[in-house]
Every structure is written in structure tokens, then in C-alpha cells.
Amino acid sequence: LQEACVSHTLEERLGRAYAPCPSEAPCSWVPHIRSSFVFQQLLFRDERLLALVHALTGRPPAVAERYNCRSKLPGTESANFPWHQDHAFFRMQYLLKKQPAKRLLAAWAPFVPVNDRNGGIELAVGSHKVGFLRHRRVDGFLAVTNHSLSEVVAWSE
């Protein structure tokens, strides 16, 4: 089986594996990779990523306790996320633990080439100038409220 798929990309392999049952594809792979050498020692210690984080923040980077690894397969509900700020997820984690929120920089590192067809990220120009936006739960995900989203649109025009 491994030789039969050797010419396929990771995305194509996952797509084929879950083609008969796309709703069974996990939204998050964290339980599968939590102690993986690749994630803990290679990705989170990549010198280029660490240098970029240091350049952006002026501080040595530290790996957050919370991270995610998503498989955004075409045609699956878990591939679609509403407009959000990553910081809302982290703020919620600190609030649940009754800890003060920390400043952080979230990094997105796709493992396959991305575009608007297969799950590329879309940014709201100028949204960093608006600050933290109000979020609410939508189908199990945190999403920017419509009012907050209209503030971002007005700011960027």
C-alpha cells in the first residue's frame, strides 16, 4: 500500500484514506502526534521559525502548551473555520485555568502547498490595528461576531 501511494502528496494520501468516510477524518491530530519526535523536536525547534519569532517579538520564543495540527481535507466540515483571531482560543484557555492571558504569536505552518481551493488562510487587512475582537461560539468554533467583523471591514477601507 505504501508503494502504491509513493507518488502522491500527503494531502492526496489523506484524501484517499478518508474518501469513503470523510466525516470520520479527525478535526485535530494532536492526540496522534502529541509525543511525536517530528513535532516536538523538529517543527517546534526549527531554527528558521525560531529566528522569525524572535525577530517579530524581540524575545526568545517558547513553545506554547497548546497547539493544534489540523487536517483540512476537501469536502469535510472540519476544513472550514469561521472568521476568528487565534488569540481568542488561547485567551479562553487561560481564562478556564484562571490565569492571566499571555502575549503570544501564533504560527501557521502548512505541510502541503495551499491555495484558496484547499484551505489557504485568508487575512483581514488591518485587523491587527483593531485589537482583540469579540467572539462567540458557532457550531463548536469560536468566531468573530458580525459586529466585530464589520469593524474590521470599516477599518480596512
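The values are calculated or read from the model by the stated rules, or taken from the named source; none is laboratory data. Quick caveat: nothing in here was measured; it's all calculated off a predicted structure. Because the Cβ atoms are built from the backbone with ideal geometry, glycine has one as well, and the counts that use them run over all protein chains shown. Protein only, heavy atoms only, side chains kept; ligands, DNA and RNA dropped before computing areas. Shrake-Rupley method; radii C 1.70, N 1.55, O 1.52, S 1.80 Å.
Has the range 86-106 got at least one residue that is at pLDDT 75 or above, among the small types (Gly, Ala, Ser), in a helix (DSSP H, G or I) and open to solvent by less than 40 Å² (accessible area, probe 1.4 Å)? Looking through the range 86-106, at least one residue is at pLDDT 75 or above, among the small types (Gly, Ala, Ser), in a helix (DSSP H, G or I) and open to solvent by less than 40 Å² (accessible area, probe 1.4 Å).
Would you check if there is a residue in the range 48-57 being open to solvent by 90 Å² or more (accessible area, probe 1.4 Å) and at pLDDT below 80? Before the answer, list the steps.
Taking the range 48-57 as the starting set, the residues that turn out to be open to solvent by 90 Å² or more (accessible area, probe 1.4 Å) are 48, 52, 56.
Then drop every residue that is not at pLDDT below 80, which leaves none.
Checked the range 48-57: no residue is open to solvent by 90 Å² or more (accessible area, probe 1.4 Å) and at pLDDT below 80.
Among the numbered conditions (1) surrounded by 14 or more Cβ atoms within 10 Å (Cβ to Cβ); (2) modelled with pLDDT of 75 or more; (3) not hydroxyl-bearing (Ser, Thr, Tyr), the only one that Leu123 does not meet is (1).
Count of the range 15-53 residues, restricted to those that are outside any helix (DSSP H, G or I) and within 19 Å of Asn80 (Cα to Cα), is 7. Among residues of the range 16-33 that are touching a residue at least 12 places away in the same chain (Cβ under 8 Å), those with a Cβ under 7 angstrom from a residue that is surrounded by 11 or more Cβ atoms within 10 Å (Cβ to Cβ) and assigned to a helix (DSSP H, G or I), sequence gap 6+ or separate chain, pair up as Ala25/Tyr18; Ala25/Ser78; Cys27/Ser78; Ile33/Phe39.
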